[in-house]
Every structure is written in structure tokens, then in C-alpha cells.
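Here is the structure we will look at.
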Amino acid sequence: MHKERLWAGLVLLAVTTLIGVPLHASAPSGAIFTTLSDGSEVNLNIFPSKEAVYLDGGPGPGAPPTAAGLDNGVYVFQVTDPSGKVLLSTDAAACRQFTVFNGIISDSAPGCHKFGSDIDHGATTIQLMPYNDTPNPGGVYKAWVVRVDDYLAGCAALGVPNGLTAVDCGLEAGNLHGFVPANTKTDNFKVKSGQSAEIDTQFFDGNGQQLDGRFIDWTDTLGATNHKWSYLVYFGTVHVAHVEAAEDGTHQIKITNQDGCTVGRVKQNGKWLKNSGPQTISVHITNGTKNNGIYYYTVSLEVYCQ
């Protein structure tokens, strides 16, 4: 299986080299999230150790059963600091491959990483170790996923003919170790960290009741995207679509009409925004000394449910 994947990757590399661009050149659909080995969460995305962090690909926490997972295919993951500049994964990319089938992880490179089983969807979860400690003082890490052919094309653009044999393909603007942000899904997490920024989005129906299973599209400061679904998280009372450990810079939160949610007015930090209806909101994050480094952001939606 591994040799077949490697051969397929080499063929795809030859094609992408000829045409000069990745075959997909866009992010896959669906979402990824960091979790425990059984797919459950611990303090949202705050983990007690690096060994405890696993990758899950498919419908995330709070997603309805009909939510789409990652597109079928073979992927590669990496772990970096929040900026993406420092690669923390220490094994060759061939060991960081996994396969998605029917929207969930169904297989991973044999003999490389420990894996578990998602209690909700029966998916395989993959331990992210081995990876080095983050240089980020808040203990923040970023997990990335990209299709293997886009990764190979990204490495080829950096002068590495077969990125699967490499640990690090290099770094240049817009290409972080073979991962082009626009083609990726990312998720931030913390390990035994101090305080850091987060972005929380709440959805309400016309009666002021909080709604689960509604999503936002989060674009991070590097241009990578991910879906976040609303569900019950804080103290058993607050339902949010949660972005953990948001790094300094401008994040985009896209709010769209969706099943059970026609977007009405929107609040940002308790104040009504000028525009109503579907919109993309720029969220500026500055982690500093103010409020002990916490930046708390809530978007509340008053919606008309149909």
C-alpha cells in the first residue's frame, strides 16, 4: 500500500511539474480538528501533553451527521509554530500520510504513528507525535493537512523532487515546507499553555435560544481555512463555534445562510454591526499583556429559522 501511494505521488508530481501548478490548487472541503485518541476533547483544544494530541479528519465537534468530511484521497500533515515558519514535525512526510474514504480517515502510513478510533464516526485518529516543542511562549501549535499531490507540487516548487522522502522541503513566501496555505486545512491547539486568544461564535434563534450544529468558515492569518461547528462547550451552558489559540494578526470569520439558520443581525463584542445578513468579519487579534493575554470575541447571531 505504501509503495503504491509513493508511486502514485511520483506520477502526480511529474504531471504537476509539467503544468506548473498543483492539480487541485484549492483547499479540500470538510474540516480537520485536533482531539484525543478517541475523538473526544479535553478543555477544548488545550492538551496535557504533546503525546495526547491526535488528528481527526471529517465532521468536527458539533457537526450534524450530514456534514461533509474531507474529500476522498491521500493527505499529508505537519505540525508547525503558529506562523508556519518553524516546522516542528521531525519524521519524513511519507510517515505523515493518511487516506480519507467516505469523509473520514480510514488508513494511515503503517508503522509510523500511533492511531486511535473516533467514538462518534468510527474514523481513525492519528497521533501527531513526533514533533518538537513550539517556540511560541503560549504553547501554541498549528496542525496542517494538504492533499499529497498538492504537497508534492509545493515541494517541487521549492526544488525538492520527491517531498515524501523529506522532512522539510524548505520555506519561502506563500509556501511553508511544501504546504501552500490556500490549499490546506489548519487547526490550532495548545499544550500545557498559558492564556491566549480565542474566537467564539454563538448562534441564536428568533427566541434567543442557542443553536448547535451551525458553522462558520474560519480563515487564519496565513490564508488556510477550516470549518467550526457550534456545540455545547463552556461550563455546560454556552454553545459556540470555537477557534482556539488564534495567533496575532487578522482572521476572517465567514457567516453564511445554512440549514436552520438565515442570518439576521450580528453583534461583535456586544455591539451591533452595521450590516445584517451573511457576511465576512475581520477579527484582529493581538496577544499581549492586556487582560492577561486573553482576547475574547463573540459573534452572536439573531436568526430566522425556517
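Let's see how each residue does on (1) farther than 22 Å from Lys85 by Cα; (2) polar (S, T, N, Q); (3) in the same structural domain as Gly139 (by TED's automatic domain parsing):
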position: Gly208; (1), (2), (3): yes, no, no
position: Thr221; (1), (2), (3): no, yes, no
position: His227; (1), (2), (3): yes, no, no
position: Tyr231; (1), (2), (3): yes, no, no
position: Thr237; (1), (2), (3): yes, yes, no
position: His242; (1), (2), (3): yes, no, no
position: Glu247; (1), (2), (3): no, no, no
position: Gly264; (1), (2), (3): yes, no, no
Among (1) more than 22 Å from Pro28 (Cβ to Cβ); (2) in a loop (DSSP other than H, G, I, E, B); (3) under 19 Å from the mean Cα position of the chain (by Cα) - the single one His121 does not satisfy: (1)
Candidate set from the range 111-136 (those that are surrounded by fewer than 16 Cβ atoms within 10 Å (Cβ to Cβ) and closer than 15 Å to Gly84 by Cα); member that is modelled with the lowest pLDDT: Pro135
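Of all residues in the range 40-96, count the ones that are within 18 Å of Asp149 (Cα to Cα) and under 14 Å from the mean Cα position of the chain (by Cα).
The total comes to 6.
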Criterion: free of Cβ contacts under 8 Å to residues at least 40 places away in the same chain, in contact with a Gly (Cβ under 6 Å, 6 or more places away or on another chain) and not aromatic (Phe, Trp, Tyr) - qualifying residue of Ala123, Ala68, Ala93: Ala68
All positions within the range 87-110 that are in a loop (DSSP other than H, G, I, E, B) and modelled with pLDDT of 95 or more: Leu88, Thr90, Asp91, Ala92
Search result, residues across the range 230-282 that are closer than 12 Å to Ile199 by Cβ, polar (S, T, N, Q) and touching an Asp or Glu at 6+ places or on another chain (Cβ under 9 Å): Gln252
Residue list for the range 169-198, filter: surrounded by fewer than 19 Cβ atoms within 10 Å (Cβ to Cβ) and among the acidic types (Asp, Glu): Glu172
Tally, over the range 269-281, of residues that are in a strand (DSSP E or B) and exposed (fewer than 10 other Cβ atoms within 10 Å of the Cβ): 1
Those residues of the range 1-43 which are surrounded by fewer than 19 Cβ atoms within 10 Å (Cβ to Cβ), part of a loop (DSSP other than H, G, I, E, B) and modelled with pLDDT under 70, in sequence order: Met1, Gly20, Val21, Leu23, His24, Ala25, Asn43
Residues of the range 61-76 satisfying the condition of being surrounded by fewer than 24 Cβ atoms within 10 Å (Cβ to Cβ) and either of a type outside the set (A, V, I, L, M) or outside the structural domain of Thr186 (by TED's automatic domain parsing) (or both): Pro61, Gly62, Pro64, Pro65, Thr66, Asp71, Asn72, Gly73
Of the criteria (1) under 18 Å from Glu244 (Cα atoms); (2) over 21 Å from the mean Cα position of the chain (by Cα), which one Lys192 fails: (2)
The range 201-239 - residue that is of a type in the set (D, E, K, R) and under 15 Å from the mean Cα position of the chain (by Cα) and, of those, surrounded by the fewest Cβ atoms within 10 Å (Cβ to Cβ): Asp217
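Name the residues in the range 66-82 that are assigned to a loop (DSSP other than H, G, I, E, B) and either under 21 Å from Thr165 (Cα atoms) or in contact with an Asp or Glu (Cβ under 7 Å, 6 or more places away or on another chain) (or both), would you?
Pro82, the sole residue that qualifies.
The values are calculated or read from the model by the stated rules, or taken from the named source; none is laboratory data. If you're wondering where the values come from, they're calculated on a predicted model, not measured in any experiment. Cβ coordinates were reconstructed from backbone atoms using ideal geometry, including for glycine residues, and neighbour counts include every protein chain displayed.
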